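The structure appears below as structure tokens.
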């Protein structure tokens, strides 16, 4: 193959990657980062947001569960790497990142009382519980203050609206390698699907059905 042909193929490949990146940002990034959430929920100031003001990026995902908050909370309280309850998602994806997730299908009594100040290890990152309001809010923040993960439970008429909020500061993501960021972007559509599993853990063991509402 001639040098010109190789250059031409390389240019086409780079161009295709560029087009894919543009399409992702314009057509998929928004839906992936706000999976299941209403516009009002995505724009709202939620409990836990005060832990990271002026975030550079925010993901808000939500689901409606046909169960009271008292049935949903135990699964949120025990979330975390082994020996805790896992993330109720695709464990193989989480464990590719070294997170040691092994999702359980039962409530673990020994992990039902998270306390402010308790810490969890997520691979190289360590998260600290900063806001704990049983049946309503569970917020944790990374030790460097650049990442927050909050669960907000809002019960009405026996149903629970469960919202997952992830504010992020760019200095945290900036430490990721280019290859890692590319892998994260490639997995984001899968991550959105995985969120449906994470946000509906009680579906396997409480009466009723789980549905999303956008």
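Each row is one residue, and each column tells you yes or no for (1) surrounded by fewer than 15 Cβ atoms within 10 Å (Cβ to Cβ); (2) more than 21 Å from residue 132 (Cβ to Cβ).
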site	(1), (2)
53	yes, no
64	no, yes
71	no, no
80	no, no
83	yes, no
89	no, yes
97	no, yes
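Quick check on my filter: what residues within segment 41-90 are part of a loop (DSSP other than H, G, I, E, B) and within 15 Å of the chain's Cα centre (by Cα)?
Quick first cut of segment 41-90, residues part of a loop (DSSP other than H, G, I, E, B) only: 44-48, 52-56, 66-68, 78-79, 81-85, 87-90.
If the condition is that a residue be part of a loop (DSSP other than H, G, I, E, B) and within 15 Å of the chain's Cα centre (by Cα), then 48, 79, 81, 87, 88, 89, 90 are the ones that fit.
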Within segment 137-173, how many residues are surrounded by fewer than 19 Cβ atoms within 10 Å (Cβ to Cβ) and assigned to a loop (DSSP other than H, G, I, E, B)?
5
Does segment 91-136 hold any residues that are outside any loop (DSSP other than H, G, I, E, B) and in contact with a strand residue (DSSP E or B) (Cβ under 7 Å, 6 or more places away or on another chain), and which are they?
119, 120, 125, 126, 127, 128, 129, 130, 131, 132
Looking at segment 79-96, I want the residues that are at pLDDT 80 or above and have a partner that is part of a strand (DSSP E or B) with Cβ atoms under 7 Å, at least 6 apart or on another chain. Which pairs are those?
80/120; 81/120; 81/121; 81/122
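The values are calculated or read from the model by the stated rules, or taken from the named source; none is laboratory data. Keep in mind the model is a prediction, meaning the values are calculated, not measured. All Cβ positions, even for glycine, are placed from backbone atoms using ideal geometry, and neighbour counts span all protein chains on display.
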